[in-house]
Each structure stands twice: as structure tokens, then as C-alpha cells.
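The values are calculated or read from the model by the stated rules, or taken from the named source; none is laboratory data. Small disclaimer: the values here were computed from a predicted structure and weren't measured. For neighbour counting, all protein chains shown are included, and Cβ atoms are generated from backbone atoms with ideal geometry for every residue, glycine included.
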Amino acid sequence: MVLIVVDTLRADHLASYGYDRPTEGALAEFFASATRFTEAYAPSSWTRPAIATIFTGLMPARHQAKIGGTNRLNPVALTLAEVLQGAGWRTAGISFNVEISKKTLFDQGFGEFVDYQGGVLAYPDVAVMAETASRWIAQVDEPFFLYLQPMNVHGPYRVPAASQASLLGNPPSREFAYRSPPLTAIMAGALEWRQRVEEGYLASLTDQYDTSIRYTMDVLERIFARLRDEGRYDDSLIVVTSDHGEELYDHGGFSHAYSLYQEVVRVPLFIKLPGQTEGGEIGARTSLADLYPTLLGALELPQERRVDGVSLLPLLRDPGRAAAGERELIFELNNRERCAGRALLAGRYKLVHVEVSYEGVEDRVLLFDLVNDPGETRDLAAELPDVVERLQRRMVELFDRYEERALPLPGGPEAEIDEETLRALGYL
């Protein structure tokens, strides 16, 4: 099994999700032959809580790997890698995101784990990852789980200069430079800089982001090619997704972890089951928490603990089982310097409660109708107070339910818990 999380990849910048640029590159064939989930969501808009959810099947309110919780993966949690390792699988991970490292305990269950602990913007190139992963695949005979998290799509959207012009037809202009004004000024709260954001700047920003996607997809295909060379591709379970998206000035901001808008919480999700040769599309609302039970079920391995995600196998086998928009999903951010808030997606509506943000907003409630306004451009909170009140009650109810069953924070005596306590928490 191969699980690839392309860091910072928003869904709507792939042709499979309607984008008009050829960013999928060499992975277009894989995307066409896999099952695509059109409404997949991350539980937050930054890496640590999202990857912890993938690894454990728990929402951030339960696993607590978030700001205000813990800066590392909770040792009490049973990870996907630990289950597979316990079943005799060879497990390996390669992460070029400093949040996902041995230091933060995200190597739980991995027999081999290559991480990066340097500057967050100086990550190694995805080509290094592809070469390392390909060599590893070639020497493994037993069933294996390989986890990969490349970073080139994360700012500063790094692409070797020699590759830029050959990918999207022309190299991105240098008008946009990551970590320079107006991006840095706006993110620091100097909102008057929004008057200085020009079309050329945004065009260059988008060019560089898109080029980094195309470059990453072309390089990742080398890993798929190695699987084919080793005769393991057809029988492999392969997942390609992301931990969160990226703001490209859609709502006056940049980067991620500054809001809970669709561009940062909606992610691509492609699943190829063993033996699958034809693509498919599923419109049911799904969460990254669903990967844990889905993958264990697809591999016919027992799920030893109760999780928050639901298995997508019934949908993969019969896409007509669920209608789009039926499921409720919650989101949260806990960084009071950037944004602290919660959101609920229920039916056609998305309710966002911003406690505090870099824009100087405090205790503001937003309501969007995603059917008529998928870009979240019109706040309906004042027009639909009854809907706001109903969704607020529901959001509080759901968060309370998760928080009542939260895992104890690691490091203190409360972290030493027995099976009876785990069962009381709803984790067994």
C-alpha cells in the first residue's frame, strides 16, 4: 500500500476537479483510473492535526495534536502504521514536513522513517523522495506500507529552474516572491497592503503554485513506474490526497492555517483498490478521518479501536449508496495569532465561528450556502438567523461529543491510562 499526501494541494487546482491547466502531468493516467472523491475534507487547515487524523482516524478534538493540545502525536493513539506493522507488514515513511518527524512522534509504527528537521521553507526536493522510495520498493518482498509527504507544493512553491519552462509552457514571472510584501504584510495584519496587490502579482503567485503541482506530479510518477517495474502496481492499494489546501488571495489572504474557507479545507482524494483498472467518481461528503477504517477494511485487517471516520468501502463498491451533502463535518483552528475558530458543514450550509483572526476579527459568525455560493462570497448570517442558531447548537453538540472522549495529553500522569479508561473514552 502506498499513501501519498501532497502537502498543501488544494483540490480545485487539478483538472480532475475542473481546473483548466494541465497540472496533473504524468499522474493524469493514475487519477483517471482511480476513484475520485469530489467532496473530501481535511479537519483543519494545517498539517499537524490533519496528518494525525489520517494516522489515527480521530478528529483533532480527540487526538489533540494541535495548538492548545500537544505538538506531537499522542503515544496513546494506535496508528495505521502500528496496525500494519503488527500484522507483519513492512512499514516505511518519508516526510519532508518538519511537523511530521521522529521528533514529533509521527514515526509511530514505521520500521523505517526518513524525516527532515531543517528550516520549514528549505525542504528537500520531491525528486530526492522519489529516488529514496523507488530504491526501497525494489528491495522489499513482503507486503508493505509506504507513506510519502512531499513539500514542493508548499510555499515557496519550489521547482528547479531547469524544469519551470517545460511544465506549463513558460517559467513563472518573478513578480511574486514568497515571504515578501504584500504577502507577509497582510498575514501580519497590515490589511492596508491589500490595496497594493496587483493582478500581475496574483498571476505570478498562481503560476508558481501551479508549476509546483505539475512538477510534483511528474516526479511522483517515477514511484508508480517503479511499482510497475516490480510487478506490484496492479495489486497495490494506492491513495493520493493532501493535508490541506492553500489560500491564493481568494478571500484576501495567503498561505494556510489563517482561515477555514473551502480553499484550505477541501482536498483531493483518489483511491485505487487492488486490481482496480477503471476510474470512478463519488460525490458523498468524506473526511480524511475515513482513510483509517477504509484502508484497514480494504486490506482485510481488523480495526481494533473505535475511530471517528467511517469506512468508504461500501461507497467504493457501490457509489450510489450515499447522496452528496448528507454528512455533517466539523473543522477547527486553534492558533490565536493567525486564526482560532470552528466550522460546521451541514447540508448545503457552512457555518464558521471565528473567535479571533489576524484580520482583527473577534467573535464573528459567518454562514454560506455552498450550493448557490461555492466560493463563499456572500455571508448569509444576518439574513438567516434561524439557520445560524440551529447550526450553532449542532456545532457545539458535536464538539462536546468529541471532546468528552479526547485522549489524555501526553507527558503527564494522566497519559498513563489503562484499557478500561480507553474504553470509557470511546476509543475501544
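In the list Leu316, Leu291, Leu312, Leu269, which residue meets the criterion of being touching a residue at least 24 places away in the same chain (Cβ under 8 Å), of a type in the set (A, V, I, L, M, F, W, C), assigned by TED's automatic domain parsing to the domain that holds Ala188 and surrounded by fewer than 21 Cβ atoms within 10 Å (Cβ to Cβ)?
Result of the check over Leu316, Leu291, Leu312, Leu269: Leu316.
Would you check which residues across the range 318-377 are touching a Lys or Arg at 6+ places or on another chain (Cβ under 6 Å), over 24 Å from Gly189 (Cβ atoms), part of a loop (DSSP other than H, G, I, E, B) and at pLDDT 95 or above and list them?
The answer is Leu370, Val371.
Using the structure shown, decide if Arg72 is surrounded by fewer than 24 Cβ atoms within 10 Å (Cβ to Cβ) and not assigned by TED's automatic domain parsing to the domain that holds Asn335.
Taking the combined requirement at face value, the residue satisfies it.
Just to be sure, is Gly297 on the phi > 0 side of the Ramachandran plot, more than 18 Å from the chain's Cα centre (by Cα) and either outside the structural domain of Val239 (by TED's automatic domain parsing) or at pLDDT 95 or above (or both)?
No; evaluated as a whole, the condition is false for this residue.
Anything in the range 335-379 that is among the polar types (S, T, N, Q) and surrounded by fewer than 20 Cβ atoms within 10 Å (Cβ to Cβ)? List them, or say none.
Within the range 335-379, the first condition is being among the polar types (S, T, N, Q), and the residues that meet it are 335, 357, 372, 377.
Passing the criteria: Asn335, Asn372, Thr377.
Anything in the range 326-340 that is in contact (Cβ under 8 Å) with a residue 60 or more places away in the chain and acidic (Asp, Glu)? List them, or say none.
Within the range 326-340, Glu328, Glu332 qualify.
Can we say Val120 is within 19 Å of the chain's Cα centre (by Cα), modelled with pLDDT under 95 and under 30 Å from Leu205 (Cα atoms)? Outline the logic, then answer.
Values: within 19 Å of the chain's Cα centre (by Cα): yes; modelled with pLDDT under 95: yes; under 30 Å from Leu205 (Cα atoms): yes.
Criteria met by Val120.
For the range 79-91, give me each residue that is crowded, with 23+ Cβ neighbours inside 10 Å and part of a loop (DSSP other than H, G, I, E, B).
Thr79
What is the number of the single condition among (1) more than 24 Å from Leu148 (Cα to Cα); (2) more than 19 Å from the chain's Cα centre (by Cα) that Leu248 does not meet?
Against the list (1) more than 24 Å from Leu148 (Cα to Cα); (2) more than 19 Å from the chain's Cα centre (by Cα), Leu248 comes up short only on (2).
Restricting the search to the range 144-187, which residues are over 25 Å from the mean Cα position of the chain (by Cα), closer than 17 Å to Tyr358 by Cβ and not in a loop (DSSP other than H, G, I, E, B)?
Residue satisfying the conditions is Ala185 alone.
Scan the range 108-133 residue by residue and report those that are under 21 Å from Ser163 (Cα atoms), surrounded by 18 or more Cβ atoms within 10 Å (Cβ to Cβ) and acidic (Asp, Glu).
Asp125
Out of Asp12, Asp7, I need the residue that is within 16 Å of the chain's Cα centre (by Cα) and assigned to a helix (DSSP H, G or I). Which one?
None of the others qualify; the one that does is Asp12.
Return the pairs, sorted by first residue and then second, in which the second residue is surrounded by fewer than 22 Cβ atoms within 10 Å (Cβ to Cβ), the first residue lies in the range 92-109 and is among the hydroxyl-bearing types (Ser, Thr, Tyr), the beta carbons are less than 6 Å apart, and the residues are 6+ apart or on different chains.
Once the first residue is among the hydroxyl-bearing types (Ser, Thr, Tyr) and sits in the range 92-109, its partners that are surrounded by fewer than 22 Cβ atoms within 10 Å (Cβ to Cβ) give Ser95/Asp115; Ser101/Asp115; Ser101/Gln117; Thr104/Arg72.
Can you tell which of Ile94, Ile51 is in contact with a helix residue (DSSP H, G or I) (Cβ under 8 Å, 6 or more places away or on another chain), under 24 Å from Asp218 (Cα atoms) and either in a helix (DSSP H, G or I) or assigned by TED's automatic domain parsing to the domain that holds Ala203 (or both)?
Numbers: Ile51 fails: in contact with a helix residue (DSSP H, G or I) (Cβ under 8 Å, 6 or more places away or on another chain).
None of the others qualify; the one that does is Ile94.
Of all residues in the range 1-51, which are among the small types (Gly, Ala, Ser), buried (at least 21 other Cβ atoms within 10 Å of the Cβ) and more than 29 Å from Pro143 (Cα to Cα)?
As a first pass, look at the range 1-51 and keep what is among the small types (Gly, Ala, Ser): 11, 15-16, 18, 25-26, 28, 32-34, 40, 42, 44-45, 50.
Checking the rest, the ones that are also buried (at least 21 other Cβ atoms within 10 Å of the Cβ) come to 11, 34, 40, 42, 44-45, 50.
If the condition is that a residue be among the small types (Gly, Ala, Ser), buried (at least 21 other Cβ atoms within 10 Å of the Cβ) and more than 29 Å from Pro143 (Cα to Cα), then Ala11, Ser44, Ser45 are the ones that fit.
In the range 220-246, which residues are within 27 Å of Thr286 (Cβ to Cβ) and outside any loop (DSSP other than H, G, I, E, B)?
Of everything in the range 220-246, those that are within 27 Å of Thr286 (Cβ to Cβ) and outside any loop (DSSP other than H, G, I, E, B) turn out to be Leu220, Glu221, Ile223, Phe224, Leu227, Ile238, Val239, Val240, Thr241.
I'd like to check something: does the range 189-203 contain any residue that is free of Cβ contacts under 8 Å to residues at least 12 places away in the same chain and small (Gly, Ala, Ser)?
Among the residues of the range 189-203, at least one is free of Cβ contacts under 8 Å to residues at least 12 places away in the same chain and small (Gly, Ala, Ser), which makes the answer yes.
What do you reckon, is Ala190 among the aliphatic types (A, V, I, L, M), at pLDDT below 95 and over 25 Å from the mean Cα position of the chain (by Cα)?
It is false that Ala190 is among the aliphatic types (A, V, I, L, M), at pLDDT below 95 and over 25 Å from the mean Cα position of the chain (by Cα).
Of the residues Leu237, Leu260, Leu220, only one is surrounded by fewer than 21 Cβ atoms within 10 Å (Cβ to Cβ), assigned by TED's automatic domain parsing to the domain that holds Glu99 and in contact with a strand residue (DSSP E or B) (Cβ under 8 Å, 6 or more places away or on another chain); which?
Leu237
List every residue pair whose Cβ atoms sit under 6 Å apart, with the two residues 6 or more apart in sequence or on different chains, where the first one lies in the range 177-188 and is free of Cβ contacts under 8 Å to residues at least 60 places away in the same chain and the second, anywhere, is part of a loop (DSSP other than H, G, I, E, B) and not hydroxyl-bearing (Ser, Thr, Tyr).
Tyr178/Gly155; Tyr178/Pro156; Pro182/Val197
Going by the conditions given, is Ile213 at pLDDT 95 or above and closer than 30 Å to Ala87 by Cα?
It is false that Ile213 is at pLDDT 95 or above and closer than 30 Å to Ala87 by Cα.
In this structure, is Ser33 in the same structural domain as Leu316 (by TED's automatic domain parsing) and in contact with a Pro (Cβ under 7 Å, 6 or more places away or on another chain)?
no
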